[in-house]
Amino acid sequence: MTLKRLFLFLPILFFLSCINSSDDCSVLCPGLGVLAFDILLDGSNVFDNGTYTINDVTIDDTNTQFSLESLSSPLLLIQDRDWREGDYNYFIRLSNDYSFTVNATFELSDGSECCSPIPVLTAIRINDISQEVPLTDGVATVNL
């Protein structure tokens, strides 16, 4: 009888030993994706040289959040909480002087025990020119 109980509880103990509830899923899961653009005019970053500010930027999609972040040089960051699997098109204007189009394709990543699937960039075109994905340093260069 004792041997039967041992064989019954041994798989249960093994299963319970594999569960690790100490994992912090918020640390393990990647956040919402971002499209980053280094916008150049005559080889110089248009935000770095003062030609434009974030107030000069408009994007046709009202749900899209955008900001200007300065790492080594200022980058235009675009983030959309509505991104799912599929194609997204953006028309971006700098004042009334310059504009460019972005066509981004996202696919959902594999989910895990901790993380839900998230949209991952699989293709991007800027002014109908395909860019290699993954982007170098995660940044797409736009030459105006």
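Name the one entry in Thr62, Thr58, Thr51, Thr2 that is surrounded by fewer than 15 Cβ atoms within 10 Å (Cβ to Cβ), of a type in the set (S, T, N, Q) and modelled with pLDDT of 85 or more.
The unique qualifying residue is Thr58.
If I ask for residues that are small (Gly, Ala, Ser) and at pLDDT below 75, which ones from region 68-78 would you list?
Answer for region 68-78, where residues must be small (Gly, Ala, Ser) and at pLDDT below 75: Ser70, Ser72.
Can you find a residue that is under 16 Å from the mean Cα position of the chain (by Cα), buried (at least 17 other Cβ atoms within 10 Å of the Cβ) and within 26 Å of Asp42 (Cβ to Cβ) anywhere in region 106-118?
Among the residues of region 106-118, not one is under 16 Å from the mean Cα position of the chain (by Cα), buried (at least 17 other Cβ atoms within 10 Å of the Cβ) and within 26 Å of Asp42 (Cβ to Cβ), which makes the answer no.
If I filter region 84-94 down to residues being in a strand (DSSP E or B) and charged (D, E, K, R), which single residue comes out as nearest to Thr141 (Cα to Cα)? Don't jump to the end; show me each part of the working.
Of region 84-94, the ones in a strand (DSSP E or B) are 86-94.
Subsequent filtering for residues that are charged (D, E, K, R) retains 87, 93.
Working: Asp87: 20, Arg93: 15 Å.
So the residue we want is Arg93.
Among the residues of region 131-142, is there at least one that is in a loop (DSSP other than H, G, I, E, B), surrounded by 12 or more Cβ atoms within 10 Å (Cβ to Cβ) and at pLDDT 90 or above?
If we filter region 131-142 for residues that are in a loop (DSSP other than H, G, I, E, B), which is where we start, we get 132-135.
The next check asks that each one be surrounded by 12 or more Cβ atoms within 10 Å (Cβ to Cβ); those that pass are 133, 135.
After this cut, where a residue has to be at pLDDT 90 or above as well, the list is none.
No, the conditions are met nowhere in region 131-142.
Can you name the condition, by its number, that Arg81 falls short on among (1) at pLDDT 90 or above; (2) part of a loop (DSSP other than H, G, I, E, B)?
The single condition Arg81 does not satisfy is (1).
Report yes if some residue within region 97-111 is modelled with pLDDT of 85 or more, part of a loop (DSSP other than H, G, I, E, B) and of a type in the set (Val, Ile, Thr); otherwise report no.
For region 97-111, residues modelled with pLDDT of 85 or more, part of a loop (DSSP other than H, G, I, E, B) and of a type in the set (Val, Ile, Thr): absent.
The values are calculated or read from the model by the stated rules, or taken from the named source; none is laboratory data. For clarity, every value in this text was computed on a predicted model and none was experimentally measured. Quick reminder, even Gly has a Cβ in these numbers, built from the backbone with ideal geometry, and neighbours come from all protein chains shown.
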